[in-house]
Amino acid sequence: MIQIQAFEMFLSSPACKIEVPERLTVSHEALVQSGLADRCVSIPVREATDADILLVHSEEYLEAVKKTPYMTLEDLKEFTLQYGDVYFHPNIYHCAKLAAGAALQLVDSVMTGKVRNGMALVRPPGHHSMRSAASGFCVFNNVAIAARYAKQKYGVKRVLIVDWDIHHGQGVQYSFEDDPSVLYFSWHRYEHQKFWPQLRESDFDSVGKNKGVGFNINVPWNKVGMQNSDYLSIFCHLLLPVAYEFNPDLVLVCAGFDSAIGDPEGEMCATPDIFAHLTHLLMNLAGGKLCAVLEGGYNLTSLAQSVCQTVQTLLGDPAPPPANLDGPCKSALDSLHCVRSAHRQYWSCLKHAEEEEEEKTLDKGEEGNSIEEKVWPEPPKRVTPTIRTAVVLPDGVTCPDGCKRFSSSEDLDPLIISKLNDVSGFMHAVLGLLLPLAYEYDPTLVLLVRMSDAGLCEIVWQQLTGLLQGLAQGHMLVLMQDGEKECVGPTASSLLGYPAPSLGQLPAPLPEDVASIESLRHRLKADWKLLQTTGDFTT
Ligand SMILES: NCCCNCCCCCS
Ligand SMILES: [Zn+2]
């Protein structure tokens, strides 16, 4: 979903320096140049209506913002001063309505099945704006409005909001902190409350309120320089297990790319290709219904590359080989441990979290304000396979449509998966053990062997097949015993890129399954750093 609105700034405020129209033009241009735009359906934008905006914001705030187009420059400056780090321009009310409206058009298109998923390239961003206040370049909270809208119009029961922007979307947190139907996850540069917006409630112990306890997850980055491993560790050992237990009907992403390398605000070191993996790992939730809405991202080069990585994955192309996964840093593991401990009482997948022991880790995090210009390699070219899925089938088994039938197979370097009988236990092993280990192993081929006594239901098998396609640039070979004919279709569907059906709300994994998985993880984590979940508190 591409919608371009450019408005030139005539107010000279620091906010205007980085939240510039070029953010959208370079992103769109990169999508066009890479051929990705042609593969997308472009959805028309609309202005959010008053009713849409009032889903989140107060009447008095909306009425006040409505007056800004008619204000003099002096009045505008006066109006701006009451908020933090925003600028108001005569045209920003119109643009803010378009940004929110674009997010709603995307929700309509996904919820009606017109498209499977999509991305709204919008500005101004939204996740900092609150019920009655603008903040951090944000006027209306695009994603919070989209979540309320999806619940109201489509009866969506559970919405997962993943905020991978480098700033804490406090506006989203305030909107849903006592609402168990909206799970808000955010990581953000925090530096022990020294980094903007310097809120005490951005720390890991803000877990939600009243009925919403457990449904607000904050991961504070207390150092800059976080890398791909740090981001993947949080996904594997925190976000994904909780997301599968929550079992959302819709996934909204506050897709801010100021968490990418080169961004002046984030000062992190994760490379744009990591967003291909973050996106891929979310695409088997909610039956694939995923709406990404642009938030921040102020380095035009890394922004454009990150947008392309995200869109190319939404289109179903194989992810690139994960770059420089040399293990999470100590600061990230300390944060991960704190968040898992804070939430263990709310999520059965984290119940065992308090039984962690110390781990030896190196501390790669740097102090902030690094002035040197970051450089990084272009993300590797990603293949768009002409034949996505080939099948080798015995006679008499029909070839699922969309697949190419082959008759021969080669010898393979297998990555054998362990087998567990219980779905929750199995997913616990996949997310917290197999996935991080496989990412660190970085295979060139994944061999998936379905033993006839696997006892795995087809949906779990499809989830596994879907998730593992983030590895080996999607090069996967599935071997099935001949008694598994009914599994050929679901397997082919997953290999063709169709999202796996939801597993439903997962019950707690069996204690004996958790015990065996955790003892294996403890044994392996000395050699496989992505299996670590706590830092070593003594240096
Ligand atoms: N010195 C204060 C800098 C405040 N920066 C606000 C950043 C808002 C980002 C929205 S994604
Ligand atoms: Zn941001």
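Every read-out reported here was derived from the displayed coordinates using simple, explicitly stated rules and does not represent laboratory data. Just so we're clear, the structure is a prediction, and the values are computed from it rather than from any experiment. Here the Cβ is made from the backbone with ideal geometry for all residues, glycine too, and neighbour counts use every protein chain on show.
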Magnitude of the Cβ-charge dipole (Lys and Arg +1, Asp and Glu -1) of the chain about the Cα centre, nearest 20 debye, reported as 1220
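Net charge around Asn218, counting only other residues with Cβ within less than 10 Å of its Cβ (Lys, Arg = +1; Asp, Glu = -1)? Don't jump to the answer; show the numbers that get you there.
On the way: positive: none; negative: Asp163, Glu201, Asp203, Asp205.
Charge balance in the 10 Å sphere: -4.
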Which of Phe176, Cys40, Leu294 sits closest to the plus end of the dipole of the chain, meaning its Cα is farthest towards the positive end, when Lys and Arg get +1 and Asp and Glu get -1 on the C-beta?
Cys40
For all pairs of alpha-carbon atoms in the chain, what percent lies in each bin of width 20 Å, listed from the first bin to the last filled one?
23, 57, 19, 1
Where in the chain is the longest stretch that carries no chymotrypsin sites (Phe, Trp or Tyr not before Pro) classed as loop by DSSP and with at most 12 other Cβ atoms within 10 Å?
11-536
Efficiency by 1/(1 + (r/R0)^6): what FRET value for Ser58 and Asp453, r their Cβ-Cβ distance, R0 = 51 Å, to the nearest 0.05?
0.30
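Rounded if a/c is under 1.5, else prolate if a/b is larger than b/c, else oblate: which is the stretch 1-150, with a ≥ b ≥ c the root eigenvalues of its Cα gyration tensor? Walk me through the intermediate numbers first.
Values: a/c = 2.44, a/b = 1.38, b/c = 1.78.
In terms of gyration-tensor shape, oblate.
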Using only helices, what value at 222 nm comes out for the chain when you add -39,500 (n - 2.57) per DSSP H run of length 4 or more and divide by the total residues, to the nearest 500 deg cm²/dmol?
-9500 deg cm²/dmol
Kindly provide the trypsin sites (Lys or Arg not before Pro) of the stretch 282-361 that DSSP labels as loop, not H, G, I, E or B, and whose Cβ sees at most 13 other Cβ atoms within 10 Å.
Lys360
Only Lys, Arg (+1) and Asp, Glu (-1) charged, at Cβ; the stretch 53-128 dipole about Cα centre in debye
480
Per the rule of 0.36 nm per residue minus the C-alpha distance, extending Glu378 to Lys67 adds in nm 107.5 nm
Cut-off 14 Å between beta-carbons: net charge of the residues surrounding Val156, Lys and Arg +1, Asp and Glu -1
+3
Förster radius 60 Å - calculated FRET efficiency between Glu74 and Ala37 (Cβ-Cβ, nearest 0.05)
0.90
Cross-link reach list, lysines versus Lys289, counting only Cα pairs under 17 Å and skipping chain neighbours closer than eight places
Lys114, Lys151, Lys153, Lys157
DSSP beta bridges in the chain [antiparallel fraction, %, rounded to 5]:
10
How large is the charge dipole for the stretch 208-327, taken about the Cα centre, if only the Cβ atoms of Lys, Arg (+1) and Asp, Glu (-1) carry charge, to the nearest 20 debye?
400
Using +1 at the C-beta of Lys and Arg and -1 at the C-beta of Asp and Glu, which of Ile18, Gly118, Ala342 has the Cα lying farthest in the positive direction of the dipole of the chain?
Gly118
So if I take the alpha carbon set of the stretch 79-171, get Rg, then get Rh from the Kirkwood formula, what is the Rg over Rh ratio?
0.99
